[in-house]
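A short worksheet on the structure shown next.
The values are calculated or read from the model by the stated rules, or taken from the named source; none is laboratory data. These numbers were taken from a predicted model, which means no experiment stands behind them. Cβ coordinates were reconstructed from backbone atoms using ideal geometry, including for glycine residues, and neighbour counts include every protein chain displayed. We work out accessible area using only protein heavy atoms, side chains counted, and drop any ligands, DNA or RNA first. Shrake-Rupley method; radii C 1.70, N 1.55, O 1.52, S 1.80 Å.
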Amino acid sequence: MADLSTTFTGVTLRNPFLLSSAPPTESESNILRAFEAGWGGVVTKTIGLHPVVNVLGPKTKFLRADADSAQLSMKKRPGAALHSSWNWELISDKTLEWWAPRIRRIKEAFPNKVLIASIMAGSGNDKELKHWQELAETAQGEGADGLELNFSCPHMDRRDMGSNIGKDQGLCSVVTEAVKAVAKVPVWTKLTPATADIVVEAAACFRGGADAIVSSNTFPSIPLIDPETLEFEINVDGLVSSGGLGGPAILPLSLAKMSQLTKAFPDKSFSGIGGVSDFNQAASYFLLGCGTVQVCTAAMLDQAVGPNVIKKLLAGLDRFLEEHAKDGWKNIEDFRGIRRDRIVLQSEIRRPDSADYHSGYENVEGYAPVQPETAVRV
Ligand SMILES: Cc1cc2nc3c(=O)[nH]c(=O)nc-3n(C[C@H](O)[C@H](O)[C@H](O)COP(=O)(O)O)c2cc1C
């Protein structure tokens, strides 16, 4: 077997595949099963200081597409293919006190597997920033190998939490800096894709000292309305709020965000998430420059922790390295980022007659056409 190991932000992983922060990582038993199944690392379900109460009824459902019609629905039916997951689940309903001894036990059972603690608090005042520090110090004190700051949960009402932090470059840098002030382990920040220019918030995280950026969390979305019942396909008392879309549907969207990040910061570390279920999708993230890849939806649908998903990811990476042994590739570092520079401005793409194209501007006689470098960044 090829060398699948990698070192990411100073942490050595046996393979570059992690379960992302979500239901597959919500309990000690799930995380132990995930490590037994072969995942190189696990990011815990996001841990907060205060107990959380979720909505009544299902917190996640899966949207499926028919091959022979335009129907897209959460209704279970034969032959339909997975389109996406939709969730309005909050962070872990277990508190830090519940998680602390479990982090220790998990690390004792699997000292060579990587356990990252995802954490979240408010950010409105100094007391809240101390909450981040308390979460960070406890998790690393119990043995967590790293911290992932959740700046991306799409369903927080509070203006100073979750994706509302990830939409505010000031908060991104202040919270990262507060955690870095106490962190002895690498700090990753997980950003929301729901922002005009993710490069701005990533830059702020790096200014605060972030060791890596993780992207994407789920995309803000609502469930579809059933045309027969006129009810949202998932609702409580007929009501719904904005939730998050994950799974295959977000793969191209998430890759677009990731390409913006890796192009803007080619020397920084990135962990890619969104729509990965086998190596074919993971390859795109590596080729754009990611050092690790995380998985949620595909694992949820595979015995809760993805034993077959990780098998396919490992076999796929092994096969890929074997096929490219002729190119001298021995591990992911040998091909990481080699397609990053293929994403360019529209004006840089060859057309049948370039003389006729003026980057969308009127061709004014006597003036030079607009040069690509004066156009906006993609
Ligand atoms: C039910 C559910 C719960 C989630 N909870 C969290 C969470 O607590 N913290 C977090 O950072 N991301 C959370 N996520 C986002 C996932 O970690 C992941 O970023 C997203 O689902 C995209 O990956 P996927 O396409 O593989 O599902 C959750 C996703 C789902 C579907």
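In table form, for the structure just shown:
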| item | result |
| --- | --- |
| E333 out of contact with any Cys (no Cβ under 6 Å at 6 or more places or on another chain) and modelled with pLDDT of 90 or more | yes |
| Residue list for the stretch 273-285, filter: of a type outside the set (S, T, Y) and either over 25 Å from R319 (Cα atoms) or buried (at least 24 other Cβ atoms within 10 Å of the Cβ) (or both) | I273, G274, G275, V276, A282 |
| Strands (runs of 3 or more DSSP E) completely within the stretch 12-73 that count 1 or more residues being more than 12 Å from the ligand (Cβ to nearest atom), open to solvent by 10 Å² or more (accessible area, probe 1.4 Å) and more than 20 Å from G291 (Cβ to Cβ) | 60-65 |
| Verdict on G291 being away from the ligand (no atom under 16 Å from the Cβ), in contact with a Phe, Trp or Tyr (Cβ under 8 Å, 6 or more places away or on another chain) and within 29 Å of A117 (Cβ to Cβ) | yes |
| Members of the stretch 217-235 that are in a loop (DSSP other than H, G, I, E, B) and either over 27 Å from G166 (Cβ atoms) or within 16 Å of the ligand (Cβ to nearest atom) (or both) | N217, T218, I222, P223, D226, P227, E228, T229, L230, E231, E233, I234 |
| Filter pass, S173 being within 15 Å of the ligand (Cβ to nearest atom) and small (G, A, S) | no |
| Single residue of K180, K167 found to be farther than 23 Å from T9 by Cα, touching a residue at least 12 places away in the same chain (Cβ under 8 Å) and open to solvent by 30 Å² or more (accessible area, probe 1.4 Å) | K167 |
| Any hit, the stretch 248-256, residues being more than 27 Å from G306 (Cα to Cα) and either away from the ligand (no atom under 14 Å from the Cβ) or of a type in the set (A, V, I, L, M) (or both) | no |
| Selection from the stretch 186-202 of residues that are open to solvent by 30 Å² or more (accessible area, probe 1.4 Å) and among the hydrophobic types (A, V, I, L, M, F, W, C) | A194, A196, V200 |
| Filter result for K94 (of a type in the set (D, E, K, R), out of contact with any Phe, Trp or Tyr (no Cβ under 6 Å at 6 or more places or on another chain) and within 16 Å of the ligand (Cβ to nearest atom)) | yes |
| Residue list for the stretch 190-211, filter: more than 14 Å from the ligand (Cβ to nearest atom), under 15 Å from the mean Cα position of the chain (by Cα) and of a type in the set (G, A, S) | A202 |
| In the stretch 257-287, residue nearest to the chain's Cα centre (by Cα) [restricted to those that are within 14 Å of the ligand (Cβ to nearest atom) and assigned to a loop (DSSP other than H, G, I, E, B)] | G274 |
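Every residue, every condition in (1) open to solvent by 30 Å² or more (accessible area, probe 1.4 Å); (2) without any contact (Cβ under 8 Å) to a residue 40 or more places away in the chain; (3) among the small types (G, A, S), yes or no:
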site	(1), (2), (3)
G208	no, yes, yes
S221	no, no, yes
T229	yes, yes, no
I234	no, no, no
G243	no, no, yes
L251	yes, yes, no
A256	yes, yes, yes
S271	no, no, yes
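Residue-by-condition table, conditions (1) open to solvent by 40 Å² or more (accessible area, probe 1.4 Å); (2) assigned to a loop (DSSP other than H, G, I, E, B):
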residue: A299; (1), (2): no, no
residue: D302; (1), (2): no, yes
residue: I310; (1), (2): no, no
residue: L313; (1), (2): no, no
residue: R319; (1), (2): yes, no
residue: E322; (1), (2): yes, no
residue: K326; (1), (2): yes, no
residue: V344; (1), (2): yes, yes
residue: E362; (1), (2): yes, yes
